Amino acid sequence: MRSLKYFLVSILIVLSSSSCEKFLSVDPQYTQDVENFFETKEDYERALVGAYDLLQGSFLTLWIGEIASDNSIAGGESVNDSQGLHQIDMMNHGGINSELRNVLRYNYAGITRVNYIMENQDKIDFVGKDHILAEARFLRAYYYFELVKFFGDIPLIIDKRIGIEEAVKLERTPKAEVYAQIEADLQYAISILNPVASQKGRATKGAAMAFLGKAYLYQNKFTEAAATFDELIATGTYSLIPNYADLFSVANENNSETVFDVQYSGLEGASYGCYICAEGNIAAGFGGIRQYNGPVYSDGNSYNLPTQDLYAAFSSIDQRRQTTILNIDAFIAAQPAPNDIHYAIGAGGHTGYYSNKYIKRLDEMGLPDNDLTSPVNYRVIRYADVLLMAAEAHYQIGNTSTAQSLVNQIRVRAGVPGVSVNSLDVIYRERRYELSMEGLRFFDLVRTGQAANFIDGFVVGKHELFPIPQVEIDLAGGKWNQNPGY
Amino acid sequence: MTKKLLLQFLFILSLGFVYAQKMTVTGSIINEKNELIPFVNVSVKGQNTGVIADIKGSYKIGLNDTTNAVLVFSFAGYVKQEVPINGRKTIDVIMTILLKDVQEVVVVGYGGSTVKELTGATSKVSGENIEKMNLSRMDQALQGQVSGVNVTTNSGSPGGSANIRIRGISTFGDNDPLILVDGIVYDSEGLNALNPSDIKSINVLKDATAGIYGVRAANGVIIVETKNGSMNSKPKFEYTAYYGIQQTARKLDLLNAQEYAVIKNEMFAMGGQAMPFANTNIGRGTSWQDSVFTTSPVQSHNLSLSGGTLNTKYSIGLGYFTQDGIVGGSKSHFSRYNARLNFSTDMSAKLKLNSVLLFSNDSRNTLPENGIGSVLYNTINAFPNQPIHKPNGNFSYLEEVADIINPIAQIQNQYNWGSAAKFVGKEEFIYAINEHLSFTNRLNYNYSVVNSKVFSPLVWYGTGKYANTASNENLDSPLIEIAPGTSIARGASVYEEKATYLDLTYESFLNYERTFNENHKIKGTAGISIFQRKGESLSGTGYGIPNNSVQYADISANTTPGGFLNNVGSWQFTERLVSSFLRAEYAFQSKYLFSAILRRDGSSKFGPNHRYGFFPTVSGGWVVSDEKFFRAKFISFFKIRASFGVSGNDQIPNFAYRGLLNGEGVYVFDDVLTQGIAIGRPSNPDLKWETTRQFNVGADLTFWQKLDFSTNYFIKNTYDLLFQPEVTAVLGSYGAGGYPPIINAGSVSNKGVELELGYKTPRKKLITADLNVNFTTITNKVTSVPSGVDYIPGAGFSIGGGTATRFQPGYEIGYFFGYQTAGIFQTQEQIDNAAVVQEGAQPGDLIFVDQNGDGIINFNNDSDKTYIGSPIPDFTMGFAFSLKAKGFDLSGNLYASIGQEIIRNYERQQPYANQLGYVVDRWTGPGTSNVNPRVTTGATRNNVFSDYYVEDGSFARLKNLQFGYTFPTLKLKKLKVDSFRIYIAANNLFTLTRYQGFDPDIGSSGVLSAGVDYGFYPQAKTFMGGVQLKF
């Protein structure tokens, strides 16, 4: 009967919650908890690396910014692969589009990682914290700018993470307020960051200034834009590299013309399952020539193929044409043994052209994921873009001569004669020659009000913004109004 | 003990004599097993007089006439007996137990109950029925055996698992029931280790009375008992074995080369592109299926020894099972060795020891299955115009499509091995404190070592193939730049992982049982259970495996300079559960039954806010047939039962309530991958149990003493479903390595009816038949979703094709949501004149139905989508029969699942991919087809998810048919053989279905991807011969 007593006592012990509370409090080993992080400077630095990670999702901008425009078609193996891109190409896209959904997902993931740092900004103090916060806020501005470009009004969440209950109550924040936050974040970054980063790939003062100027330009705040670009140009940090053809090789990355690149690497490879997990450039990997076996290039998935319209837009003496566009049949014909070189035409479309800026090359392979990624960086803002944006802003505020000299700096480097900048169209055209296949064309056409003139099927009042994926409206509580026309 | 009882019995008997009146008959009532039966009704035929025997089984009845009167003895569970008195004063009666043995003990958790006194809804399957199915896993064998249990197959590959769903799908996450083998927790993945031949019985607790297991019980509990010997019996050997050959039960109707060429030409022409085939007259071409499917062997051997001495019983079992796959042969393989020891001994008059030790070692080779990249997917989509081998002996490359590779080459280059060694055991001490009270203490353990290895040789499937690991056709290794300017060859690689798991459970409980005043039986159980599971793993990858050869497929053989590329990983976890439970049962004359359960659980899976839960259950039963007023002679047993209770589910990943920094945060600085951190899963400190409230009412009847009928009606409502749903992008969960939070999302209701009918001919007939039918119908409905959203999206269709399934209130869980079609547009005129505008439609395209009536088919939101099917069957049925005559026996097992739909999602919507034969009957001009749309490489809306891709998944399958002969015992005696039986058998001999895919019995462990066929590995059709020998 003694054991019975012990037993009854032990039952009582188990029934009393306090004793087993300790037994049940199991902590995960060898990992840090979200809520007790930011104890050291290294913690902040590591969280910041995590916030940078989502920049690599910008391959979608490289695609959509061109495919939606008159510059390229979606391409690929069939119209059923990446249907979202094909619909954007045909201007019949709507609320069911997995690529647009990923734009929303990736950028909000980046914002959330920044906000996680910002939420904990006061936890400890150390030398250099302001620099970490400045980089973080730069990244937040980058992500919000992407979202506002694609979708217009979007929920603005600042300096905190939110839970599901809160998420379904969020409203879309007016675009102007989002831009105000972007400006504030960039101004803070400008005030802290150094002109030269401690490591290649990090945000710099110049990058923040360029983005601020660009954000002004997208809001038609031309005076502010011109002033910001002038200030940036005056720093003398950046210059055009002599040869346009050298701009897009991996070997020549992070040069004097690089204002801000999304950094990619070939060290890890990728798989079809998770594009955002990739460290390489998906847009360049997919942009390769289908089933190609030959010199210079490697094979890819024939996505984002330049149009005849773009090819024809260039003057034949413009060096930039062949750096921008690969004319595959002409290229093969010029090789020593053209009959041994084969490539396949995808049923998703074929123009005879490939983007020569973001394409998979034999000497830029990295791990053999073949057609998925390339280590080539995404040149988000080149100094040439800064000069052209500055020219545009100056022209808009009446400084035509400044505009003309800026535009002609670009033309000289390209080996084409100077032009007289007597209209905005001259600047806009120059942007197309200089910056095609860099993910800018569609957004340029929209912000300058020209889209309907150039894009078949473009409906004014509708296609300026992409639709918010219906499933995202539903998951966010179903209260948001879809963008007009969709 | 027996002696004492006998003395008491004699004493009472003598009392009976002392008090006997003139016209009195007395006697004792025993059963065939020589056990006393208490409370038997004794009445006089044709009169209203009667008595009830006492607890010792003695009766005394006063009579006016002892000459002609007939006494009637009746008692639930026994055959009613009429005995003419013929002037006798003492009549002892031996009553025959009914075929359904209501005194049979059923394990219900921390104790037993008799079938008669059971108040819960349970179903029992004998080990014999499981063994007879000749399947490698218990769950596969359970399909169709009992009502309320739906088993679907995840994969037909050797060692492939199945899903057991008890009473419907009630949660998103883990719907697996709690499986206990001799009281030891066994996860359903681990069922590979259990030898079906070792099973004595399986008891399925379906209703709230499973609540004695509290937080693990919401999905039902399956209690497996392994075989044991019996005391005082001679050692008995039993050897069983079978050998079988397997083949695919079905091949798909695919296009041959000529059909393919014609259709592809048409497809490209329709898309405005150059036709790929100048000559379409190219014959039948390659049947990839004929080469991929092989005939493969399966065999099983089991040897057991059981017996007992005066105080001890034992059973020892040895088993071996091996099976090759019908796809890939030995590359898709499962084998298992089992050893088992069950040992029970009375250590003293009061202390008893039960010891169980199960050892198993299984190994499995697998091929990629289910989805893009799987062998069968490549087989279906491979081009029939290409040979398997090129003239130079190399495999053909199937160029033109990057993600379709030569399936034969793929099989040859796959090396995926897994193995698990497992020790499962129990040491249980039962101490009888007194005759009413016993005290049980037991320690259960489950230790397993799981190894896996994947060898990736350098292979080349053709230019541009995603699966290439070599850089060219010569199998040159790719070079990896490890530092600027320094590159090394990657070579072949091998990945290895070693994981160990240790479960320990300590349980301690008291059982009390006592009968007061002969009529009031009280049982009580009180105890505690403490559970801990620890797991840890170490893994690594080694590159540069020499000679590109599987012979050196081990990390130790890696040759990478400096080990630069090799990498390692590890993980570990601990989870714990602390529980206490109480159960009280009361029975009045075994006629009115009442039971109450209370369990309290604390689980480490949840945060301090919601760590503990209470789970109460009440149940009752009424044996109507024991009532005096019950006179329906054809009903020999009739019981009504009801139960209501709460149980829980805690089956979520560890630490889901708190956020961990286990996401991926990697970026490139200075051309080097820089490791940062990121939140993996956002925290949810308010995460709590999923709770299930279940009501059950049922009845058990026996008619004419040979027909058993059992029925249940249940309402099972599950609240606060644990799930990781898709969440809004603004939460930021979709970065690399990020997951949505696990939340308590919504609720689901399952209501259903279960019927079981069993017939057994009385034993002494020349031909005996044993028939069992079971029927289950369940209505599943989602009743709520998390506040703020209208639905939760589920599985996708095709690639980038949007979602096809949903979790939405008012509908079945995971129902199919898409466009409804109404034939094919035949002419442009028809399109122009249609009342509904369908953007981009051309003649030959599917006509979609305008669900919202706005005159436009909207492809940009969900407004014209609707319910187009559900993966949940309307009803399932099992039918088993067994006939025996003169040593011959014939038995079979039929299973039917009716009313569910399947999404045909294994077709690659690619211009060059091969297609199913139905494309031959496509639309080619007005009037040619109103079912199958035109083919084109151009953009159409024909490939949006619509009912065109939904097929009726109903099927009926003869799971097992067996014909055997048992040799006459007399002849065997000389050979000292007790019994010898030989048989031939077939599994999956036929399947009746209209489904076009390989196998309509498709399961999915993901609730919202149920019924989506990604190119399923089908179950084999197997022909077997076997022996059973006892000596």
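Summary table
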{"read-out": "Tally of residues being closer than 30 Å to B:Q414 by Cα and without any contact (Cβ under 8 Å) to a residue 40 or more places away in the chain across the range B:336-377", "value": "1"}
{"read-out": "Which listed residue is touching a strand residue (DSSP E or B) at 6+ places or on another chain (Cβ under 9 Å), within 19 Å of B:N649 (Cβ to Cβ), surrounded by fewer than 19 Cβ atoms within 10 Å (Cβ to Cβ) and in contact (Cβ under 8 Å) with a residue 40 or more places away in the chain, from B:T783, B:T768, B:T761", "value": "B:T783"}
{"read-out": "Every pair of residues 6+ apart whose Cβ atoms lie under 6 Å, when the first sits in the range B:1003-1017 and is within 9 Å of B:G794 (Cα to Cα) while the second is assigned to a loop (DSSP other than H, G, I, E, B)", "value": "B:V1007/B:I169; B:V1007/B:F172; B:V1007/B:I813; B:V1007/B:G814; B:L1008/B:G794; B:L1008/B:A795; B:L1008/B:G814; B:S1009/B:A795"}
{"read-out": "Qualifying residues in the range B:808-843 (those that are within 12 Å of another protein chain (Cβ to nearest Cβ) and either of a type in the set (A, V, I, L, M, F, W, C) or part of a loop (DSSP other than H, G, I, E, B) (or both)) - the one farthest from A:G84 (Cα to Cα)", "value": "B:Q808"}
{"read-out": "Hits in the range B:795-807 - residues which are under 21 Å from B:D874 (Cα atoms) and part of a loop (DSSP other than H, G, I, E, B)", "value": "B:A804"}
{"read-out": "Any chance A:I132 is modelled with pLDDT under 95 and surrounded by 15 or more Cβ atoms within 10 Å (Cβ to Cβ)", "value": "no"}
{"read-out": "Looking only at the range A:392-413, and only at residues there that are buried (at least 24 other Cβ atoms within 10 Å of the Cβ) and either touching an Asp or Glu at 6+ places or on another chain (Cβ under 8 Å) or polar (S, T, N, Q) (or both), the one that is farthest from A:L247 (Cα to Cα)", "value": "A:A403"}
{"read-out": "Residue check, A:D363 within 14 Å of chain B (Cβ to nearest Cβ), of a type outside the set (A, V, I, L, M) and assigned to a helix (DSSP H, G or I)", "value": "yes"}
{"read-out": "Only one of A:I190, A:I158 that is outside any helix (DSSP H, G or I) and surrounded by 15 or more Cβ atoms within 10 Å (Cβ to Cβ)", "value": "A:I158"}
{"read-out": "Residue selected from the range B:239-255 under the condition out of contact with any helix residue (DSSP H, G or I) (no Cβ under 7 Å at 6 or more places or on another chain) and surrounded by fewer than 19 Cβ atoms within 10 Å (Cβ to Cβ), by the criterion nearest to B:T322 (Cα to Cα)", "value": "B:Y243"}
{"read-out": "Residue that is in contact with a Ser or Thr (Cβ under 7 Å, 6 or more places away or on another chain), β-branched (V, I, T) and either surrounded by fewer than 20 Cβ atoms within 10 Å (Cβ to Cβ) or at pLDDT 75 or above (or both), where the choices are B:T122, B:T96, B:T90, B:T114", "value": "B:T90"}
{"read-out": "Residues located in the range B:368-389, provided they are away from chain A (no Cβ under 14 Å) and at pLDDT 90 or above", "value": "B:V375, B:L376, B:N378, B:T379, B:I380, B:A382, B:P384, B:N385, B:Q386, B:P387, B:I388, B:H389"}
{"read-out": "Selection status of A:D81, modelled with pLDDT of 95 or more and part of a loop (DSSP other than H, G, I, E, B)", "value": "no"}
{"read-out": "Count of residues meeting criterion [within 34 Å of the chain's Cα centre (by Cα) and of a type outside the set (S, T, Y)] in the range B:609-645", "value": "20"}
{"read-out": "Test for B:Y657: is it in a loop (DSSP other than H, G, I, E, B), of a type in the set (S, T, Y) and touching a Phe, Trp or Tyr at 6+ places or on another chain (Cβ under 6 Å)", "value": "yes"}
{"read-out": "Residue in the range A:459-479 that is in contact with a helix residue (DSSP H, G or I) (Cβ under 9 Å, 6 or more places away or on another chain), of a type in the set (F, W, Y) and assigned by TED's automatic domain parsing to the domain that holds A:L156 present", "value": "yes"}
{"read-out": "Condition broken by B:A261, with the remaining ones in (1) buried (at least 20 other Cβ atoms within 10 Å of the Cβ); (2) touching a Lys or Arg at 6+ places or on another chain (Cβ under 9 Å); (3) more than 25 Å from B:V105 (Cα to Cα) satisfied", "value": "(2)"}
{"read-out": "Selected residue (only one of B:S590, B:S625 is assigned to a loop (DSSP other than H, G, I, E, B) and at pLDDT below 95)", "value": "B:S590"}
{"read-out": "Long-range neighbours under 7 Å by Cβ, at least six apart or interchain, first residue assigned to a strand (DSSP E or B) within the range B:877-896, second buried (at least 19 other Cβ atoms within 10 Å of the Cβ) and of a type in the set (V, I, T)", "value": "B:A896/B:T876"}
{"read-out": "All strands (runs of 3 or more DSSP E) inside the range B:159-248 with 3 or more residues being under 30 Å from B:S979 (Cβ atoms) and small (G, A, S)", "value": "B:233-248"}
{"read-out": "Filtered residues of the range B:993-1031 (kept if in a strand (DSSP E or B) and more than 23 Å from B:P158 (Cα to Cα))", "value": "B:T993, B:Q1028, B:L1029, B:K1030"}
{"read-out": "Members of the range A:26-47 that are at the interface with chain B (Cβ under 7 Å from one of its Cβ atoms) and within 28 Å of B:I530 (Cβ to Cβ)", "value": "A:V26, A:P28, A:Q29, A:T31, A:D33"}
{"read-out": "Some residue of the range B:640-655 being touching a residue at least 24 places away in the same chain (Cβ under 8 Å), within 22 Å of B:F723 (Cβ to Cβ), facing chain A (nearest Cβ under 9 Å) and touching a helix residue (DSSP H, G or I) at 6+ places or on another chain (Cβ under 8 Å)", "value": "no"}
{"read-out": "Residues being away from chain A (no Cβ under 14 Å) and either closer than 24 Å to B:Q551 by Cβ or among the aliphatic types (A, V, I, L, M) (or both) - total across the range B:399-423", "value": "15"}
{"read-out": "Of all residues in the range B:666-706 being among the hydroxyl-bearing types (S, T, Y) and more than 14 Å from every other protein chain (Cβ to nearest Cβ), the one that is farthest from B:G620 (Cα to Cα)", "value": "B:T691"}
{"read-out": "Qualifying residues in the range B:926-968 (those that are in a strand (DSSP E or B) and of a type in the set (D, E)) - the one surrounded by the fewest Cβ atoms within 10 Å (Cβ to Cβ)", "value": "B:D952"}
{"read-out": "Residue identified as within 30 Å of B:K886 (Cα to Cα) and modelled with pLDDT under 95 among B:F998, B:F990, B:F1016, B:F945", "value": "B:F990"}
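Condition check ((1) surrounded by fewer than 17 Cβ atoms within 10 Å (Cβ to Cβ); (2) at negative phi; (3) hydrophobic (A, V, I, L, M, F, W, C); (4) within 38 Å of the chain's Cα centre (by Cα)) across all residues:
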site: B:A489; (1), (2), (3), (4): no, yes, yes, no
site: B:T500; (1), (2), (3), (4): yes, yes, no, yes
site: B:T505; (1), (2), (3), (4): no, yes, no, yes
site: B:E518; (1), (2), (3), (4): yes, no, no, no
site: B:K521; (1), (2), (3), (4): no, yes, no, yes
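The values are calculated or read from the model by the stated rules, or taken from the named source; none is laboratory data. Treat the numbers as computed from the prediction; the structure is a model and nothing was measured. Cβ atoms come from the backbone with ideal geometry, glycine included; neighbour counts cover every protein chain shown.
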